[in-house]
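Nothing in this text is a laboratory measurement; each read-out follows from the coordinates by a stated rule. These figures come from a predicted structure and were not determined experimentally. Every residue, glycine as well, gets a Cβ built from its backbone with ideal geometry; the counts of neighbours run over all protein chains shown.
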Amino acid sequence: MKTMLITLAATIALLAIAAIALHREQRLERTVDIAAPPEKVWEALTDFTAYGEWNPFIRELSGTPEAGQKLTARIHPAGGKAMTFTPTVLAAEPGRELRWLGRVFVPRLLDGEHSFVIEPTATGSRLTHAEEFRGVLVPLVGSALDVGDDFDAMNAALKERVEASVSIAR
């Protein structure tokens, strides 16, 4: 019995060490310049009910863009199958930043912090669309997390939508 407990404790310790050693981070970031003021970019980003009309990546998004609120997001990566997440909004600063945290099961297993940062430029806005993945599963599923092309497609669609709405308003 004592040997079995020692073996179990050693196994748990080795698993904990392996989990710490495997814990990795992976960051994905894409930017796009949009010929519209930050407020217009924010307006389109937070009009969740319209995502199905224009967004090729996050085709459904519901909830309230306020810190602490839960969202429901359905993503359709071009290279994989659709997935639904229920992230928590970490930041929602109108015209500046929308950021949420999604998790797979428990913290630090596979966490994804998704962000949209909007900065004013001389010709409109620059949107930085990013996701920071953290957790012990990152090394195991790393290639599946490469949704850079999906970010590019979403950014291009957002740019087109926002710039069209600005030119219509003129």
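Potential lengthening of the chain between residue 59 and residue 76 amounts to 5.4 nm, from the contour at 0.36 nm per residue minus the alpha-carbon distance. In loop segments of the stretch 71-170 as defined by DSSP, the chymotrypsin sites (Phe, Trp or Tyr not before Pro) with at most 16 further C-beta atoms inside 10 Å of their C-beta are 105.
State the extension gain, in nm to one decimal, for the chain segment bounded by residue 123 and residue 5, taking 0.36 nm per residue of separation less the distance between their alpha-carbons.
Result: 35.8 nm gained on full extension.
Note on residue 91 and residue 50: with the Förster distance fixed at 30 Å, the Cβ-Cβ geometry gives a FRET efficiency of about 0.90.
To make sure I understand, if each residue's beta carbon is the centre and we count other beta carbons within 10 Å, what order do 83, 1 fall in, fewest to most?
1, 83
Among the helices of the chain, those built from whole DSSP H runs whose Cα atoms reach 15 Å or more along their own axis and whose mean Kyte-Doolittle hydropathy is at least 1.0 are 2-22. Label-to-label distance, residue 43 versus residue 163, with points set 7 angstrom from Cα along the beta-carbon direction: 1.8 nm. A Förster radius of 22 Å, combined with the Cβ-Cβ distance separating residue 130 from residue 108, puts the computed FRET efficiency at roughly 0.70.
Given the options 88, 46, 121, which has the most mean-square fluctuation in a GNM of the chain, springs set between C-alpha atoms less than 10 angstrom apart? For the chain, modelled as a Gaussian network with Cα springs under 10 Å, the answer is 121. Reported to the nearest whole Å, the Cα centre-to-centre distance from the stretch 91-170 to the stretch 18-88 is 5.
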